[in-house]
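Have a look at the structure below, then the notes.
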Amino acid sequence: MGLSKVWIIPLCSFVFSAAAFFSSYLIAVYLGHVTKFLPYISDNGTLPPESCIFGQLLNLAALFLACTVYLRHRQIVEFYWHRFKQVGRWRTISCVLLWIGYMSAFGVSMVANFQENNVIIVHYTGALMSFGCGLIYTWAQTVLSYNMNPKLAKPMVSHCRLFLNIMSTVFFVSMVIFGPILGQQPNDFIPDEQGELYKWTPESPRYVEHMIGTTSEWLLAICFQLYILSFAIELRHAYCHAPKLKLVAFYDGTESDSTISTTVPSSIPYAVPGMNMNHMLYSVSDQNGIQEESVVVKVKF
């Protein structure tokens with residue numbers, strides 16, 4: 001049993017992310033929680049009920065993102081070692097990138113679960129992890145894509161990834177500069193009892209800087225998700241097996257004063273993986289021949 005259509009995993013990450021962004025945006029605008037023109041993505045998932053939908057969908061997107069990162073790692077191992085028997089630093093680099101990708105996925109989950117009006121430090125930390133680690137991960141994967149061309153995909157795929165990386169870097173820098181630095185909301189704004197968010201208008205101070213920051217965040221998120229979706233191209237002919245679970249029986253027997261029958265009863269041998277010995281199971285009986293317990297004896301061959 002296994003999964004023959006592995007390319008569905010990055011597709012699911014893309015679909016759940018897009019659903020989280022746009023469904024929460026539509027609900028927040030309909031309920032009047034945010035302005036209609038490009039609010040921050042996090043603002044769409046701050047107030048209920050849209051925050052519940054935003055968090056649930058984004059958690060699923062983070063799960064499939066982590067699975068995609070692992071599949072990409074296994075694909076690199078299969079390419080360099082099992083196919084071409086190449087040794088070198090590629091395994092260490094791929095393992096490091098694996099954990100960087102996991103950190104990005106964990107950051108996405110933090111953004112989903114910690115709203116900015118509740119624990120803003122944790123929320124911003126998750127956003128920095130998701131976008132920052134995501135940039136490092138995608139840049140490194142672009143380099144690996146060029147090294148593996150044209151074995152897994154056409155060079156055009158690597159060119160598109162390079163373009164997405166360049167645009168993502170530009171949007172990330174502009175989001176940081178024009179968002180929390182130059183595009184801060186007025187300091188004299190005091191949330192009401194319902195915790196309503198500040199609604200930006202063209203008359204608001206630093207409105208232009210704010211709009212540059214929000215636009216950069218939306219474009220950065222879209223570029224990042226398109227990059228993850230591009231892994232489906234290389235995984236379209238891949239498949240994975242279900243994990244194998246090996247059960248080793250264990251009998252906790254203790255010695256007693258009972259005598260062991262001179263006639264050796266039937267035994268049940270079973271091998272222990274990684275050990276140069278077998279376990280043999282023998283019955284322990286009293287003088288009347290009544291079996292009381294079992295003893296595990298290790299026999300080396």
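Throughout, read-outs are computed from the coordinates displayed, never taken from laboratory work. Note that this is a predicted model, so its numbers are computed, not measured. So basically every Cβ, Gly included, is an ideal-geometry build from the backbone, and we count neighbours across all protein chains shown.
Using the structure shown, select from K5/K244; K85/K244; K151/K244; K36/K199 the pairs with a Cα to Cα distance greater than 21 angstrom. The partial results should precede the final answer.
Working: K5/K244 19 Å; K85/K244 25 Å; K151/K244 29 Å; K36/K199 10 Å.
Violating the 21 Å limit, Cα to Cα: K85/K244; K151/K244.
Modelled label positions at V96 and R206, each set 7 Å beyond Cα in the direction of Cβ, lie 3.6 nm from each other. Loop-located trypsin sites (Lys or Arg not before Pro) in region 72-167 (DSSP state other than H, G, I, E, B) with a sparse environment of at most 13 neighbouring Cβ atoms within 10 Å: K85, R89, K151. The Rg/Rh ratio for region 7-235, using Cα coordinates for both the radius of gyration and the Kirkwood hydrodynamic radius, is 1.02.
Which whole-number percent of Cα pairs in region 1-117 have a distance greater than 26 Å? Of all Cα-Cα pairs in region 1-117, 35 percent lie more than 26 Å apart.
Given +1 on the Cβ of Lys and Arg, -1 on the Cβ of Asp and Glu, and no further charges, what dipole in debye does region 7-235 carry about its Cα centre, rounded to the nearest 20? Write out the running numbers ahead of the final one.
Details: 12 positive and 12 negative charges, 319 e Å.
Result for region 7-235 is approximately 1540 debye, rounded to the nearest 20.
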